[in-house]
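Each remark here refers to the structure printed beneath this line.
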Amino acid sequence: MRTDHALLVDFGSTFTKIVLVDLEAETVLGRIQTPSTVETDITIGLRRGLDDIGRILGKAPVYRHKLASSSAAGGLRMVAIGLVPDLTVEAAKRAVLGAGAKVVGVYAYRLTENEIEELEKASPDLILLAGGTDGGDRENVIGNATCLGRADLKAPIVFAGNKTAVDEVRKILIAGNKEVVVSENVMPGIGVLQVEQVRSIIRDLFIKRIIDAKGLKNAERFIDSILMPTPTAVLNAARLLAEGTPNEPGIGELVIVDIGGATTDIHSISMGTPTEAGVIPKGLPEPYVKRTVEGDLGMRYNASTIVQAAGKEKFCRQMLGIVSDLDQAVAKLNLKPESLPETEAEQTLDVELARAAASLAMERHAGVIEAAYGPMGQFHIQYGKDLRGIKTVIGTGGPLIFGAEPETILKETLHSEAKPFSLKPKQPGFFIDEKYILYAIGLMAEAYPDKALRIAKKYLRKVE
Amino acid sequence: MQKTVILGVVGVDAHVVGNKIIAQALRDAGFNVVNIGTFVSQEDFINASIETNADAIMIGSLCGHGELDCQGFKEKCIEAGKGNIHLVVGGNLVVGKQEWGSVHDRFLKMGFNRVYPPGVAIKTVISDLKKDLGIACED
């Protein structure tokens with residue numbers, strides 16, 4: 001019996017997606033999407049999907065691998081705590097986002113009683129506690145550990161702050177009956193970002209603790225394991241595509257635009273250093289693998305905030321004669337988040353929402369330059385990443401994959417003369433994740449990076 | 001006990017003459033001066049202050065980029081556990097003809113305790129520093 005099939009599952013909050021890959025032929029044999037059944041039993045939806053896959057193949061397949069990612073049951077919900085907003089707070093937030101988690105709270109300085117209450121109410125899956133450089137401030141982080149120790153929280157706490165506070169923080173948290181895992185400091189020195197170890201600890205905890213806590217463990221009766229949060233799988237795929245493997249070349253620095261129902265995410269795999277002479281980078285160093293998540297730019301759950309952020313007047317003008325009551329049309333999307341556009345007006349509205357989301361999300365992800373004046377005249381300072389030289393922008397998510405005008409939407413992510421100081425890509429090639437397989441590539445990359453990369457290259461469709 | 005002051009010229013700035021003179025004047029006034037010279041980054045000031053357990057940091061800036069070079073300095077001190085260190089800055093802090101009052105206010109807002117204009121008398125600076133660090137003045 002041939003056992004060269006891999007089954008790659010993504011447990012999403014709305015849909016469970018399954019991709020079936022032939023590892024020998026390096027082809028995608030099929031793709032199934034079925035409503036997720038997290039509320040009752042995650043395996044009901046999964047089994048339904050597996051039956052469909054069996055039907056595609058005409059027989060019950062034997063799999064070499066059955067791997068999954070998950071963003072079900074709210075995803076990996078995390079809180080980031082640091083000391084100074086521009087320094088360890090920002091470093092902690094970036095570590096959390098880079099680990100594929102959803103940020104449900106960010107706190108600076110000493111936690112107040114109100115903030116602790118808020119934290120208890122948010123009931124995150126994991127907490128990242130940072131603060132102080134190594135040998136730097138201890139008082140704040142020890143104070144915050146004391147607050148967390150007393151709080152009514154079940155979440156494990158990852159400590160990634162001042163190394164000289166480790167022993168005390170650990171003692172305090174254990175005395176408060178909290179599970180604590182110690183990592184390297186996210187900011188060992190001023191201006192130094194160190195997030196790799198925290199990311200891998202978070203992923204480890206996700207596999208060991210969170211899957212079980214969320215009632216997803218029984219899925220492992222049907223699959224080998226849930227390996228990572230879905231955004232991590234997408235980041236893995238992005239990194240693999242950019243860097244390649246020792247045997248298979250990558251395609252270089254890139255950006256992924258993922259427009260979803262609840263958020264719009266941008267992933268960039270890029271150094272982001274200045275591309276022009278005489279530009280001085282400032283601020284915390286940028287992570288090479290960077291993910292930003294815009295919680296106000298979701299096509300269904302937050303369509304109204306997209307309209308707000310883009311400017312309601314401008315939006316109304318664009319929809320003039322197409323949608324008579326914009327508020328009503330947008331409210332309808334929120335009521336039925338799984339709905340797909342049917343009429344021409346609904347389609348136009350979807351494209352316009354996606355254009356606005358793509359444009360804003362990229363503007364927030366990309367860096368900016370500012371003019372400054374010195375004795376030698378004008379010069380420029382860069383904050384964030386310079387993405388103007390990026391050669392590849394990949395679009396994924398419903399509106400880009402299934403929508404009518406992916407190119408129109410992706411064009412919104414480009415650098416423009418109207419906003420010359422926003423460092424967005426200038427002349428990239430556009431690609432669409434047509435088969436919706438990026439997460440699957442990220443999962444496959446764990447065992448078969450060469451094959452995963454070749455499959456990704458084969459199935460990303462270039463938009464001409 | 002002798003108070004320790006970290007002294008240096010911040011950023012891409014080579015103005016060394018005034019730096020040497022201030023160092024000597026501070027030493028004569030009884031301070032333990034750790035002069036880290038010119039072309040000093042914010043991080044170097046902070047690292048030196050941690051290592052020597054300094055009481056004050058005195059930043060000179062003559063090139064006109066002072067505002068840019070000092071941005072975020074206080075925040076970094078807090079992160080490094082030096083949130084209470086006394087911060088002094090002075091020199092040709094900005095370019096162009098700007099009213100001193102507004103420059104002074106901007107630097108206070110950035111977290112500096114004392115901000116001095118060009119041409120300030122060194123003995124004013126020293127007597128302020130003694131007062132701020134709780135050293136009894138003889139004169």
Legend entry - B:ASN47 being closer than 25 Å to A:ILE381 by Cα, of a type in the set (S, T, N, Q) and either touching a helix residue (DSSP H, G or I) at 6+ places or on another chain (Cβ under 8 Å) or away from chain A (no Cβ under 13 Å) (or both): no
Inset, instruction - Would you mention how many residues in the stretch A:303-336 are of a type in the set (Ser, Thr, Tyr) and closer than 24 Å to A:ARG364 by Cα? - result: 2
Legend entry - Those helices (runs of 4 or more DSSP H) lying entirely in the stretch A:296-360 with at least 3 residues under 27 Å from A:ALA418 (Cα atoms): A:303-310, A:312-318
Legend entry - Spans of strands (runs of 3 or more DSSP E) in the stretch B:1-76 with at least 2 residues over 11 Å from the mean Cα position of the chain (by Cα): B:32-35
Legend entry - Condition met for A:ALA175 (assigned by TED's automatic domain parsing to the domain that holds A:LYS154 and surrounded by 22 or more Cβ atoms within 10 Å (Cβ to Cβ)): no
Inset, instruction - For the stretch A:182-189, indicate whether the set of residues that are of a type in the set (Gly, Ala, Ser), away from chain B (no Cβ under 14 Å) and over 18 Å from A:LEU87 (Cα atoms) is non-empty. - result: no
Legend entry - Single unsatisfied condition, A:LYS208 versus (1) under 28 Å from A:ILE259 (Cα atoms); (2) free of Cβ contacts under 8 Å to residues at least 24 places away in the same chain; (3) not aromatic (Phe, Trp, Tyr): (1)
Inset, instruction - Just give me the residues in the stretch A:83-104 being more than 10 Å from chain B (Cβ to nearest Cβ), farther than 17 Å from A:PHE159 by Cβ and not basic (Lys, Arg), in sequence order. - result: A:GLU90, A:LEU97, A:GLY98, A:GLY100, A:VAL103, A:VAL104
Legend entry - From the options A:ALA73, A:ALA95, A:ALA80, A:ALA91, residue that is at positive phi and either of a type outside the set (Asp, Glu) or not in a helix (DSSP H, G or I) (or both): A:ALA73
Inset, instruction - Check B:GLY72, B:GLY111 and return the single one that is touching a Lys or Arg at 6+ places or on another chain (Cβ under 7 Å) and on the phi > 0 side of the Ramachandran plot. - result: B:GLY111
Legend entry - Given (1) surrounded by 22 or more Cβ atoms within 10 Å (Cβ to Cβ); (2) in a helix (DSSP H, G or I); (3) of a type outside the set (Asp, Glu), number of the condition A:PRO425 does not satisfy: (2)
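The values are calculated or read from the model by the stated rules, or taken from the named source; none is laboratory data. Since the structure is predicted, the reported quantities are computational estimates derived from the model, not experimental observations. Heads up, the Cβs are rebuilt from the backbone with ideal geometry, glycines too, and the neighbour counts pull from every protein chain shown.
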